[in-house]
Amino acid sequence: MMTEPIEIHAMINGETYKTEENKPRENPTHPDEIVGYAPVNTKEETIQAIDAAHETFKTWRRSEISERVERMRNAIEKLKEETPNLAELLSREHGKPLYDAEGEVTISIMWMEYACDNVEDVLKDQVEDHDNGRTLIARDAIGVVSAISPWNYPISLSTIKIAPALLTGNTMVLKPSPMAPLAVSKCTEMIANEFPAGVLNMVHGEADVGVELTSNPKVAKIAFTGGTETAKSIMKSAADTIKQMTLELGGNDAAIILDDFDVHDEEAMRRLVISNFLTAGQICMIAKRIYVAKSIYEEFVEKYIEAANKWIRVGDPFGDEVTIGPVNNKNQIEHVQSLIDDAKEKGAEVIKLGEILDSDLFEEGYYMQPSVVLGASQDDPIVQKEQFGPTVPILPFEDDEHALQLANDSIYGLTSSVWGEETHALEIAKRIQAGTTMINTAAVQGLDVRFPFGGVKQSGIGREYGKEGLLAYTETHVINLPDELDLPYIPK
Ligand code: NAD
(Lines give C-alpha, C1' and ligand atoms only; values in the text may rest on other atoms or scores of the structure.)
Protein backbone atom coordinates (compact mmCIF):
# COMPACT_ATOMS: atom_id res chain seq x y z
CA MET A 1 0.00 0.00 0.00
CA MET A 2 2.21 2.86 -1.30
CA THR A 3 0.72 6.31 -0.82
CA GLU A 4 2.03 9.83 -1.42
CA PRO A 5 4.22 11.11 1.43
CA ILE A 6 2.41 13.56 3.68
CA GLU A 7 3.90 16.73 5.05
CA ILE A 8 3.31 17.93 8.58
CA HIS A 9 4.12 21.33 10.03
CA ALA A 10 5.15 23.03 13.20
CA MET A 11 2.46 25.04 15.02
CA ILE A 12 3.42 28.36 16.48
CA ASN A 13 0.85 30.73 17.95
CA GLY A 14 -2.06 29.16 16.08
CA GLU A 15 -0.37 29.17 12.67
CA THR A 16 1.01 26.14 10.86
CA TYR A 17 4.64 26.85 10.22
CA LYS A 18 6.65 25.50 7.27
CA THR A 19 10.35 25.02 7.83
CA GLU A 20 13.20 25.23 5.35
CA GLU A 21 14.49 21.83 6.33
CA ASN A 22 12.34 18.70 6.52
CA LYS A 23 13.19 15.16 7.56
CA PRO A 24 11.78 12.05 5.90
CA ARG A 25 10.17 9.34 7.99
CA GLU A 26 10.38 5.93 6.40
CA ASN A 27 7.98 3.04 6.76
CA PRO A 28 9.72 0.35 8.88
CA THR A 29 7.83 -2.35 6.98
CA HIS A 30 9.06 -1.06 3.59
CA PRO A 31 12.04 1.18 4.41
CA ASP A 32 12.18 2.48 0.79
CA GLU A 33 8.79 4.11 1.23
CA ILE A 34 8.70 7.62 2.73
CA VAL A 35 5.50 7.96 4.77
CA GLY A 36 5.95 11.67 5.30
CA TYR A 37 8.18 14.61 6.08
CA ALA A 38 8.50 16.30 9.45
CA PRO A 39 9.85 19.80 9.96
CA VAL A 40 13.27 20.42 11.46
CA ASN A 41 12.81 23.53 13.56
CA THR A 42 15.62 25.87 14.52
CA LYS A 43 16.44 27.20 17.96
CA GLU A 44 14.95 30.60 16.92
CA GLU A 45 11.64 28.98 15.92
CA THR A 46 11.58 27.09 19.21
CA ILE A 47 12.04 30.39 21.07
CA GLN A 48 9.14 31.88 19.06
CA ALA A 49 6.91 28.99 20.15
CA ILE A 50 7.94 29.39 23.80
CA ASP A 51 7.34 33.16 23.60
CA ALA A 52 3.86 32.58 22.17
CA ALA A 53 3.02 30.10 24.93
CA HIS A 54 4.41 32.51 27.54
CA GLU A 55 2.32 35.43 26.29
CA THR A 56 -0.85 33.34 25.99
CA PHE A 57 -0.44 31.97 29.51
CA LYS A 58 -1.26 35.43 30.93
CA THR A 59 -4.86 35.12 29.75
CA TRP A 60 -5.31 31.35 29.49
CA ARG A 61 -4.52 30.81 33.19
CA ARG A 62 -7.58 32.93 34.02
CA SER A 63 -9.95 31.16 31.61
CA GLU A 64 -12.98 29.32 33.02
CA ILE A 65 -12.51 25.61 33.67
CA SER A 66 -15.83 24.97 31.90
CA GLU A 67 -14.46 26.66 28.76
CA ARG A 68 -11.30 24.54 28.80
CA VAL A 69 -13.32 21.35 29.27
CA GLU A 70 -15.69 22.25 26.45
CA ARG A 71 -12.79 22.90 24.08
CA MET A 72 -11.09 19.64 25.07
CA ARG A 73 -14.32 17.67 24.59
CA ASN A 74 -14.64 19.17 21.09
CA ALA A 75 -11.11 18.00 20.37
CA ILE A 76 -11.97 14.52 21.66
CA GLU A 77 -14.93 14.34 19.26
CA LYS A 78 -12.62 15.19 16.34
CA LEU A 79 -10.13 12.56 17.45
CA LYS A 80 -12.88 9.96 17.66
CA GLU A 81 -13.94 10.74 14.08
CA GLU A 82 -10.33 10.61 12.91
CA THR A 83 -9.30 7.46 14.83
CA PRO A 84 -9.18 5.15 11.78
CA ASN A 85 -7.01 7.60 9.79
CA LEU A 86 -4.72 8.38 12.71
CA ALA A 87 -4.29 4.68 13.49
CA GLU A 88 -3.47 3.87 9.88
CA LEU A 89 -0.86 6.63 9.67
CA LEU A 90 0.63 5.64 13.02
CA SER A 91 0.85 2.05 11.93
CA ARG A 92 2.66 2.99 8.71
CA GLU A 93 5.24 5.30 10.26
CA HIS A 94 5.78 3.22 13.41
CA GLY A 95 5.43 -0.39 12.34
CA LYS A 96 2.97 -1.40 15.06
CA PRO A 97 0.01 -3.49 13.86
CA LEU A 98 -3.23 -1.67 13.14
CA TYR A 99 -5.06 -3.12 16.21
CA ASP A 100 -2.22 -1.84 18.37
CA ALA A 101 -2.31 1.64 16.80
CA GLU A 102 -6.11 1.81 17.24
CA GLY A 103 -5.62 0.78 20.87
CA GLU A 104 -3.19 3.63 21.35
CA VAL A 105 -5.67 6.24 20.07
CA THR A 106 -8.45 4.69 22.17
CA ILE A 107 -6.45 4.81 25.38
CA SER A 108 -5.50 8.43 24.61
CA ILE A 109 -9.19 9.33 24.30
CA MET A 110 -10.03 7.45 27.53
CA TRP A 111 -7.46 9.52 29.39
CA MET A 112 -8.56 12.80 27.85
CA GLU A 113 -12.14 12.04 28.88
CA TYR A 114 -11.06 11.15 32.41
CA ALA A 115 -9.12 14.42 32.60
CA CYS A 116 -12.19 16.40 31.45
CA ASP A 117 -14.44 14.60 33.95
CA ASN A 118 -12.14 15.21 36.91
CA VAL A 119 -10.39 18.54 36.41
CA GLU A 120 -13.01 20.64 38.17
CA ASP A 121 -12.84 18.48 41.27
CA VAL A 122 -9.04 18.49 41.28
CA LEU A 123 -8.82 22.29 40.98
CA LYS A 124 -11.43 23.01 43.65
CA ASP A 125 -10.11 24.97 46.66
CA GLN A 126 -9.78 22.77 49.71
CA VAL A 127 -11.00 24.72 52.73
CA GLU A 128 -10.12 23.57 56.23
CA ASP A 129 -11.50 25.12 59.42
CA HIS A 130 -9.22 24.28 62.32
CA ASP A 131 -8.28 25.35 65.85
CA ASN A 132 -6.41 28.37 64.55
CA GLY A 133 -8.80 29.73 61.95
CA ARG A 134 -9.19 28.75 58.36
CA THR A 135 -6.79 27.56 55.62
CA LEU A 136 -7.44 27.44 51.94
CA ILE A 137 -5.41 25.20 49.63
CA ALA A 138 -5.72 26.54 46.11
CA ARG A 139 -4.31 25.14 42.87
CA ASP A 140 -2.70 27.46 40.32
CA ALA A 141 -1.45 26.71 36.84
CA ILE A 142 2.35 26.53 36.56
CA GLY A 143 3.08 28.32 33.27
CA VAL A 144 4.66 27.21 30.00
CA VAL A 145 5.14 23.45 29.85
CA SER A 146 7.70 21.90 27.52
CA ALA A 147 6.45 18.44 26.62
CA ILE A 148 8.87 16.01 24.99
CA SER A 149 7.61 12.61 23.91
CA PRO A 150 9.17 9.37 22.58
CA TRP A 151 8.46 7.33 19.48
CA ASN A 152 7.03 4.14 20.92
CA TYR A 153 3.57 5.47 21.90
CA PRO A 154 3.73 8.94 20.35
CA ILE A 155 0.01 9.82 20.54
CA SER A 156 -0.78 8.50 24.00
CA LEU A 157 2.45 9.80 25.54
CA SER A 158 1.76 13.27 24.12
CA THR A 159 -1.95 13.47 25.00
CA ILE A 160 -1.10 12.21 28.49
CA LYS A 161 0.64 15.60 28.88
CA ILE A 162 -1.48 17.87 26.66
CA ALA A 163 -4.85 17.14 28.32
CA PRO A 164 -3.94 17.79 31.97
CA ALA A 165 -1.66 20.74 31.16
CA LEU A 166 -4.25 22.66 29.13
CA LEU A 167 -7.21 21.75 31.34
CA THR A 168 -5.44 23.07 34.43
CA GLY A 169 -4.67 26.40 32.71
CA ASN A 170 -1.11 25.96 31.42
CA THR A 171 0.16 26.54 27.92
CA MET A 172 2.47 24.15 26.12
CA VAL A 173 5.13 23.60 23.49
CA LEU A 174 5.26 19.95 22.44
CA LYS A 175 8.14 18.25 20.68
CA PRO A 176 7.36 14.77 19.36
CA SER A 177 10.09 12.28 18.50
CA PRO A 178 11.47 12.35 14.94
CA MET A 179 11.11 8.54 14.84
CA ALA A 180 7.28 8.67 14.63
CA PRO A 181 6.28 12.32 14.23
CA LEU A 182 3.41 12.19 11.75
CA ALA A 183 0.24 10.87 13.39
CA VAL A 184 0.96 12.64 16.67
CA SER A 185 1.36 15.92 14.77
CA LYS A 186 -2.01 15.47 13.05
CA CYS A 187 -3.54 14.73 16.43
CA THR A 188 -1.85 17.72 18.14
CA GLU A 189 -2.92 20.05 15.34
CA MET A 190 -6.52 18.90 15.77
CA ILE A 191 -6.40 19.60 19.50
CA ALA A 192 -4.58 22.94 19.07
CA ASN A 193 -7.23 24.15 16.61
CA GLU A 194 -9.89 23.87 19.33
CA PHE A 195 -7.96 26.23 21.63
CA PRO A 196 -6.99 29.91 21.40
CA ALA A 197 -3.80 30.60 19.43
CA GLY A 198 -0.67 30.03 21.49
CA VAL A 199 -2.18 27.64 24.06
CA LEU A 200 -0.78 24.53 22.35
CA ASN A 201 2.30 24.92 20.14
CA MET A 202 4.41 22.25 18.49
CA VAL A 203 7.97 22.18 17.19
CA HIS A 204 9.96 19.33 15.72
CA GLY A 205 13.59 18.38 15.75
CA GLU A 206 16.35 16.65 17.62
CA ALA A 207 18.32 17.32 20.80
CA ASP A 208 19.12 21.01 19.97
CA VAL A 209 15.41 21.86 19.97
CA GLY A 210 15.06 19.75 23.13
CA VAL A 211 17.84 21.69 24.83
CA GLU A 212 16.12 25.03 24.14
CA LEU A 213 12.83 23.63 25.42
CA THR A 214 14.44 22.50 28.65
CA SER A 215 16.70 25.49 29.37
CA ASN A 216 14.67 28.52 28.26
CA PRO A 217 13.88 30.66 31.34
CA LYS A 218 10.27 31.17 30.21
CA VAL A 219 9.56 27.44 30.54
CA ALA A 220 8.23 26.59 34.01
CA LYS A 221 7.75 22.83 33.72
CA ILE A 222 9.14 19.93 31.73
CA ALA A 223 7.02 16.87 31.03
CA PHE A 224 9.31 14.28 29.49
CA THR A 225 8.90 10.66 28.49
CA GLY A 226 11.93 8.90 27.11
CA GLY A 227 15.21 7.29 28.03
CA THR A 228 16.92 7.64 31.40
CA GLU A 229 20.16 8.93 29.82
CA THR A 230 18.27 11.68 27.96
CA ALA A 231 16.55 12.63 31.24
CA LYS A 232 19.95 13.16 32.86
CA SER A 233 20.87 15.72 30.15
CA ILE A 234 17.47 17.38 30.58
CA MET A 235 17.92 17.75 34.33
CA LYS A 236 21.28 19.41 33.75
CA SER A 237 19.86 21.67 31.09
CA ALA A 238 17.00 22.74 33.38
CA ALA A 239 19.12 23.19 36.51
CA ASP A 240 19.95 26.86 36.02
CA THR A 241 16.31 27.91 36.11
CA ILE A 242 14.96 25.25 38.57
CA LYS A 243 12.02 23.90 36.59
CA GLN A 244 9.22 21.61 37.72
CA MET A 245 9.52 18.16 36.17
CA THR A 246 7.61 15.01 35.45
CA LEU A 247 9.97 12.37 34.09
CA GLU A 248 8.67 9.05 32.76
CA LEU A 249 11.74 7.02 31.92
CA GLY A 250 13.06 3.61 31.05
CA GLY A 251 12.02 0.39 32.71
CA ASN A 252 13.38 -3.13 33.10
CA ASP A 253 10.26 -4.68 34.51
CA ALA A 254 10.42 -8.03 36.26
CA ALA A 255 7.72 -10.71 36.03
CA ILE A 256 7.91 -13.12 38.98
CA ILE A 257 6.32 -16.53 38.39
CA LEU A 258 5.66 -18.11 41.78
CA ASP A 259 5.76 -21.84 42.49
CA ASP A 260 1.93 -21.91 42.72
CA PHE A 261 1.44 -20.49 39.21
CA ASP A 262 -0.51 -22.93 37.06
CA VAL A 263 1.64 -23.53 33.97
CA HIS A 264 -1.36 -25.24 32.32
CA ASP A 265 -3.43 -22.04 32.50
CA GLU A 266 -3.29 -21.18 28.78
CA GLU A 267 -5.04 -17.82 29.19
CA ALA A 268 -2.52 -16.68 31.80
CA MET A 269 0.36 -17.86 29.60
CA ARG A 270 -1.05 -15.91 26.64
CA ARG A 271 -1.33 -12.76 28.81
CA LEU A 272 2.28 -13.20 29.86
CA VAL A 273 3.47 -13.64 26.28
CA ILE A 274 1.58 -10.49 25.25
CA SER A 275 3.09 -8.60 28.15
CA ASN A 276 6.54 -9.46 26.74
CA PHE A 277 5.97 -8.96 23.02
CA LEU A 278 3.20 -6.44 22.37
CA THR A 279 4.44 -3.64 20.05
CA ALA A 280 7.46 -5.90 19.39
CA GLY A 281 8.54 -5.34 23.00
CA GLN A 282 8.98 -1.59 22.49
CA ILE A 283 7.04 -0.49 25.55
CA CYS A 284 8.48 1.07 28.70
CA MET A 285 6.23 -1.09 30.90
CA ILE A 286 6.60 -4.41 29.10
CA ALA A 287 7.80 -7.36 31.24
CA LYS A 288 11.50 -7.47 30.30
CA ARG A 289 12.85 -10.17 32.66
CA ILE A 290 10.99 -13.32 33.71
CA TYR A 291 11.96 -15.00 36.97
CA VAL A 292 10.47 -18.47 37.52
CA ALA A 293 10.39 -20.64 40.66
CA LYS A 294 12.97 -23.39 40.20
CA SER A 295 10.47 -26.16 41.01
CA ILE A 296 8.35 -25.32 37.93
CA TYR A 297 11.06 -23.84 35.67
CA GLU A 298 11.39 -26.68 33.11
CA GLU A 299 7.66 -27.13 32.66
CA PHE A 300 7.10 -23.37 32.58
CA VAL A 301 9.62 -22.88 29.77
CA GLU A 302 8.02 -25.63 27.71
CA LYS A 303 4.50 -24.21 28.14
CA TYR A 304 5.68 -20.62 27.63
CA ILE A 305 7.27 -21.50 24.29
CA GLU A 306 4.09 -23.30 23.26
CA ALA A 307 1.97 -20.25 24.12
CA ALA A 308 4.38 -17.86 22.42
CA ASN A 309 4.42 -19.94 19.24
CA LYS A 310 0.63 -19.75 19.19
CA TRP A 311 0.25 -16.00 19.77
CA ILE A 312 3.24 -14.56 17.92
CA ARG A 313 2.55 -14.04 14.20
CA VAL A 314 5.05 -11.63 12.67
CA GLY A 315 4.09 -9.84 9.49
CA ASP A 316 2.58 -6.84 7.73
CA PRO A 317 1.08 -4.46 10.33
CA PHE A 318 -2.07 -4.37 8.18
CA GLY A 319 -2.45 -8.16 7.99
CA ASP A 320 -5.51 -9.62 9.76
CA GLU A 321 -3.63 -12.40 11.50
CA VAL A 322 -0.60 -10.34 12.47
CA THR A 323 0.18 -9.74 16.15
CA ILE A 324 3.67 -8.26 15.77
CA GLY A 325 5.05 -5.92 13.13
CA PRO A 326 8.58 -4.70 12.47
CA VAL A 327 10.78 -2.89 14.97
CA ASN A 328 10.57 0.90 14.59
CA ASN A 329 14.16 1.54 13.46
CA LYS A 330 17.50 -0.02 12.60
CA ASN A 331 19.34 1.26 15.70
CA GLN A 332 16.82 -0.51 17.89
CA ILE A 333 17.42 -3.81 16.06
CA GLU A 334 21.17 -3.41 16.47
CA HIS A 335 20.80 -2.68 20.18
CA VAL A 336 18.59 -5.72 20.81
CA GLN A 337 20.74 -7.98 18.62
CA SER A 338 23.92 -6.94 20.45
CA LEU A 339 22.34 -7.94 23.79
CA ILE A 340 21.29 -11.31 22.33
CA ASP A 341 24.75 -11.91 20.79
CA ASP A 342 26.46 -11.07 24.07
CA ALA A 343 24.25 -13.55 25.95
CA LYS A 344 24.92 -16.23 23.31
CA GLU A 345 28.68 -15.70 23.56
CA LYS A 346 28.41 -16.24 27.30
CA GLY A 347 26.68 -19.58 26.72
CA ALA A 348 22.99 -18.70 26.81
CA GLU A 349 20.53 -20.50 24.56
CA VAL A 350 18.38 -18.38 22.25
CA ILE A 351 15.09 -19.93 21.10
CA LYS A 352 13.20 -18.24 18.29
CA LEU A 353 9.46 -17.86 18.73
CA GLY A 354 6.36 -17.56 16.60
CA GLU A 355 5.53 -17.69 12.95
CA ILE A 356 6.89 -15.48 10.18
CA LEU A 357 3.87 -14.90 7.94
CA ASP A 358 5.69 -13.35 4.99
CA SER A 359 9.37 -14.12 4.62
CA ASP A 360 9.98 -11.64 1.75
CA LEU A 361 8.57 -8.81 3.81
CA PHE A 362 10.58 -10.03 6.80
CA GLU A 363 13.77 -9.61 4.74
CA GLU A 364 12.74 -6.20 3.42
CA GLY A 365 11.59 -4.47 6.62
CA TYR A 366 13.10 -3.82 10.05
CA TYR A 367 11.96 -7.18 11.32
CA MET A 368 13.35 -9.30 14.14
CA GLN A 369 12.09 -12.72 15.04
CA PRO A 370 11.00 -12.74 18.70
CA SER A 371 13.03 -14.94 21.03
CA VAL A 372 13.55 -16.14 24.59
CA VAL A 373 16.99 -16.30 26.15
CA LEU A 374 17.62 -19.20 28.52
CA GLY A 375 20.65 -19.64 30.77
CA ALA A 376 21.66 -15.96 31.04
CA SER A 377 22.83 -14.76 34.43
CA GLN A 378 21.58 -11.86 36.49
CA ASP A 379 24.61 -9.66 35.73
CA ASP A 380 24.42 -10.09 31.94
CA PRO A 381 23.46 -6.99 29.94
CA ILE A 382 20.40 -8.84 28.53
CA VAL A 383 19.08 -8.95 32.10
CA GLN A 384 20.40 -5.65 33.46
CA LYS A 385 19.75 -3.37 30.47
CA GLU A 386 16.48 -2.30 28.95
CA GLN A 387 16.24 -4.29 25.70
CA PHE A 388 13.14 -2.47 24.38
CA GLY A 389 12.61 -5.09 21.69
CA PRO A 390 11.26 -8.59 20.96
CA THR A 391 13.37 -10.76 23.23
CA VAL A 392 13.09 -11.75 26.88
CA PRO A 393 15.38 -13.65 29.26
CA ILE A 394 13.91 -16.34 31.56
CA LEU A 395 15.82 -17.12 34.75
CA PRO A 396 15.08 -19.54 37.64
CA PHE A 397 14.94 -18.50 41.31
CA GLU A 398 15.37 -20.56 44.49
CA ASP A 399 12.66 -19.14 46.77
CA ASP A 400 10.53 -16.01 47.22
CA GLU A 401 13.31 -14.04 48.93
CA HIS A 402 15.62 -14.81 46.04
CA ALA A 403 12.95 -13.73 43.53
CA LEU A 404 12.56 -10.38 45.28
CA GLN A 405 16.31 -9.89 45.46
CA LEU A 406 16.64 -10.49 41.69
CA ALA A 407 13.62 -8.35 40.78
CA ASN A 408 14.81 -5.42 42.92
CA ASP A 409 18.37 -5.69 41.64
CA SER A 410 17.95 -2.96 39.03
CA ILE A 411 18.47 0.77 38.64
CA TYR A 412 14.89 0.84 37.27
CA GLY A 413 11.50 0.53 38.97
CA LEU A 414 8.71 1.26 36.52
CA THR A 415 6.19 -1.61 36.64
CA SER A 416 6.39 -5.28 37.59
CA SER A 417 4.12 -8.29 37.87
CA VAL A 418 3.63 -11.33 40.08
CA TRP A 419 1.94 -14.47 38.77
CA GLY A 420 0.47 -17.17 41.03
CA GLU A 421 -2.07 -17.65 43.82
CA GLU A 422 -3.54 -14.22 44.57
CA THR A 423 -2.80 -13.86 48.31
CA HIS A 424 0.72 -15.16 47.87
CA ALA A 425 1.26 -12.88 44.87
CA LEU A 426 -0.04 -9.85 46.77
CA GLU A 427 2.40 -10.49 49.60
CA ILE A 428 5.31 -10.51 47.14
CA ALA A 429 3.94 -7.54 45.14
CA LYS A 430 4.10 -5.25 48.19
CA ARG A 431 7.85 -5.80 48.46
CA ILE A 432 8.76 -5.00 44.86
CA GLN A 433 10.32 -1.59 44.20
CA ALA A 434 8.16 -0.27 41.37
CA GLY A 435 5.56 2.39 40.61
CA THR A 436 2.98 -0.25 39.62
CA THR A 437 2.76 -4.00 40.25
CA MET A 438 0.16 -6.17 38.58
CA ILE A 439 -1.09 -9.55 39.70
CA ASN A 440 -1.58 -12.26 37.05
CA THR A 441 -1.39 -9.74 34.24
CA ALA A 442 1.19 -7.20 33.11
CA ALA A 443 2.06 -4.25 30.90
CA VAL A 444 -0.73 -2.33 29.12
CA GLN A 445 -3.21 -5.15 29.85
CA GLY A 446 -3.23 -4.07 33.49
CA LEU A 447 -3.07 -0.30 32.88
CA ASP A 448 -5.91 1.91 34.14
CA VAL A 449 -5.94 5.63 33.31
CA ARG A 450 -7.84 6.37 36.56
CA PHE A 451 -4.79 5.54 38.67
CA PRO A 452 -1.36 7.18 38.85
CA PHE A 453 1.38 5.76 36.67
CA GLY A 454 5.11 6.37 36.99
CA GLY A 455 8.40 4.95 38.13
CA VAL A 456 10.63 4.77 41.18
CA LYS A 457 14.46 4.81 41.20
CA GLN A 458 15.83 5.79 37.76
CA SER A 459 12.49 5.10 36.07
CA GLY A 460 11.29 8.58 36.80
CA ILE A 461 9.97 11.37 38.95
CA GLY A 462 6.26 12.11 39.42
CA ARG A 463 3.14 10.47 38.08
CA GLU A 464 0.91 10.68 35.02
CA TYR A 465 -2.72 9.45 34.78
CA GLY A 466 -5.23 9.58 37.63
CA LYS A 467 -5.84 12.69 39.72
CA GLU A 468 -2.09 12.90 40.39
CA GLY A 469 -1.62 13.24 36.65
CA LEU A 470 -3.75 16.41 36.72
CA LEU A 471 -2.27 17.77 39.95
CA ALA A 472 1.18 17.42 38.41
CA TYR A 473 0.39 20.49 36.30
CA THR A 474 -0.53 22.67 39.28
CA GLU A 475 1.24 24.61 41.98
CA THR A 476 -0.12 24.35 45.51
CA HIS A 477 -1.01 27.78 46.89
CA VAL A 478 -1.84 27.91 50.58
CA ILE A 479 -3.86 30.89 51.83
CA ASN A 480 -3.95 31.15 55.62
CA LEU A 481 -6.50 33.10 57.66
CA PRO A 482 -5.20 32.43 61.20
CA ASP A 483 -6.97 33.58 64.39
CA GLU A 484 -3.61 34.07 66.09
CA LEU A 485 -1.91 36.69 63.99
CA ASP A 486 1.32 36.86 66.02
CA LEU A 487 3.69 34.28 67.41
CA PRO A 488 3.94 34.44 71.22
CA TYR A 489 7.72 33.83 71.40
CA ILE A 490 8.66 36.75 69.15
CA PRO A 491 9.34 39.81 71.34
CA LYS A 492 6.87 42.69 70.93
P1 NAD B 1 14.80 9.22 23.86
O2 NAD B 1 15.17 9.58 25.26
O3 NAD B 1 15.87 8.91 22.90
O4 NAD B 1 13.94 10.40 23.18
C5 NAD B 1 12.78 10.92 23.79
C6 NAD B 1 12.56 12.34 23.29
O7 NAD B 1 13.60 13.18 23.79
C8 NAD B 1 12.58 12.50 21.78
O9 NAD B 1 11.58 13.41 21.39
C10 NAD B 1 13.97 13.06 21.52
O11 NAD B 1 14.07 13.77 20.31
C12 NAD B 1 14.15 13.96 22.72
N13 NAD B 1 15.53 14.29 23.07
C14 NAD B 1 16.66 13.63 22.75
N15 NAD B 1 17.74 14.23 23.31
C16 NAD B 1 17.26 15.30 24.01
C17 NAD B 1 17.87 16.31 24.81
N18 NAD B 1 19.18 16.34 25.03
N19 NAD B 1 17.08 17.24 25.37
C20 NAD B 1 15.74 17.22 25.21
N21 NAD B 1 15.11 16.29 24.43
C22 NAD B 1 15.86 15.34 23.86
O23 NAD B 1 13.75 8.02 24.00
P24 NAD B 1 13.07 7.19 22.82
O25 NAD B 1 14.10 6.32 22.19
O26 NAD B 1 12.24 8.07 21.98
O27 NAD B 1 12.07 6.27 23.67
C28 NAD B 1 12.43 5.08 24.27
C29 NAD B 1 12.68 5.26 25.76
O30 NAD B 1 11.55 5.89 26.36
C31 NAD B 1 12.83 3.94 26.48
O32 NAD B 1 13.85 4.03 27.43
C33 NAD B 1 11.49 3.75 27.16
O34 NAD B 1 11.51 2.92 28.29
C35 NAD B 1 11.16 5.16 27.52
N36 NAD B 1 9.70 5.29 27.73
C37 NAD B 1 9.24 5.50 29.01
C38 NAD B 1 7.87 5.56 29.24
C39 NAD B 1 7.31 5.78 30.63
O40 NAD B 1 6.13 6.11 30.74
N41 NAD B 1 8.08 5.62 31.69
C42 NAD B 1 6.99 5.41 28.17
C43 NAD B 1 7.51 5.18 26.90
C44 NAD B 1 8.87 5.14 26.68
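The values are calculated or read from the model by the stated rules, or taken from the named source; none is laboratory data. What you see is a predicted model; the values in this text were computed from it and never measured. Reconstructed Cβ throughout: ideal geometry from the backbone, glycine too, with neighbour counts over all protein chains shown.
Of Ile432, Ile428, all but one fail to be in contact with a strand residue (DSSP E or B) (Cβ under 6 Å, 6 or more places away or on another chain), crowded, with 18+ Cβ neighbours inside 10 Å and assigned to a loop (DSSP other than H, G, I, E, B); the exception is Ile432. Of all residues in region 312-338, exactly one satisfies the criterion of being surrounded by fewer than 19 Cβ atoms within 10 Å (Cβ to Cβ) and in contact with a helix residue (DSSP H, G or I) (Cβ under 7 Å, 6 or more places away or on another chain), namely Phe318.
In the condition set (1) out of contact with any strand residue (DSSP E or B) (no Cβ under 6 Å at 6 or more places or on another chain); (2) assigned to a helix (DSSP H, G or I), Glu93 is compliant with all but (1).
Annotation note: Cβ proximity below 9 Å between a residue of region 255-270 that is surrounded by fewer than 21 Cβ atoms within 10 Å (Cβ to Cβ) and a residue that is aromatic (Phe, Trp, Tyr) and part of a loop (DSSP other than H, G, I, E, B) (sequence gap 6+ or interchain) occurs for Ala268/Phe261.
Being more than 16 Å from the ligand (Cβ to nearest atom) and under 24 Å from Asp51 (Cα atoms) holds for only one residue in Asp125, Asp140, and it is Asp140. Being surrounded by 13 or more Cβ atoms within 10 Å (Cβ to Cβ), in contact with an Asp or Glu (Cβ under 7 Å, 6 or more places away or on another chain), within 25 Å of Met110 (Cα to Cα) and in contact (Cβ under 8 Å) with a residue 60 or more places away in the chain is a description that applies to Gly454.
The residue that is farthest from the chain's Cα centre (by Cα), among those in region 142-180 that are hydrophobic (A, V, I, L, M, F, W, C) and surrounded by fewer than 24 Cβ atoms within 10 Å (Cβ to Cβ), is Ile142. Listed by position, the strands (runs of 3 or more DSSP E) enclosed by region 187-285 that each have at least 3 residues that are within 14 Å of the ligand (Cβ to nearest atom) and touching a strand residue (DSSP E or B) at 6+ places or on another chain (Cβ under 8 Å) are 219-225, 244-248. If you filter region 295-309 down to residues that are charged (D, E, K, R) and surrounded by fewer than 16 Cβ atoms within 10 Å (Cβ to Cβ), you find that the one that is nearest to Glu364 (Cα to Cα) is Glu306. Return the residue satisfying two criteria in turn: it lies in region 190-211 and is among the aliphatic types (A, V, I, L, M) and farther than 14 Å from Arg68 by Cα, and of such residues it is modelled with the lowest pLDDT. Across region 190-211, the extreme among qualifying residues is Ala207.
The single condition from (1) in a strand (DSSP E or B); (2) away from the ligand (no atom under 16 Å from the Cβ); (3) not aromatic (Phe, Trp, Tyr) that Glu120 fails is (1). Summed over region 8-44, residues that are over 17 Å from Glu88 (Cβ atoms), surrounded by fewer than 22 Cβ atoms within 10 Å (Cβ to Cβ) and of a type outside the set (S, T, N, Q) total 15. Of the residues that make up region 398-406, is at least one crowded, with 22+ Cβ neighbours inside 10 Å, in contact with a strand residue (DSSP E or B) (Cβ under 9 Å, 6 or more places away or on another chain) and in a loop (DSSP other than H, G, I, E, B)? Scanning region 398-406, I find no residue that is crowded, with 22+ Cβ neighbours inside 10 Å, in contact with a strand residue (DSSP E or B) (Cβ under 9 Å, 6 or more places away or on another chain) and in a loop (DSSP other than H, G, I, E, B), so the answer is no.
Residue-wise test of (1) at pLDDT below 95; (2) over 19 Å from Ile76 (Cβ atoms); (3) touching an Asp or Glu at 6+ places or on another chain (Cβ under 8 Å).
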position	(1), (2), (3)
Gly133	no, yes, yes
Gly143	no, yes, no
Ser146	no, yes, no
Pro150	no, yes, no
Ile155	no, no, yes
Ile160	no, no, yes
Ala163	no, no, no
Leu166	no, no, no
Pro178	no, yes, yes
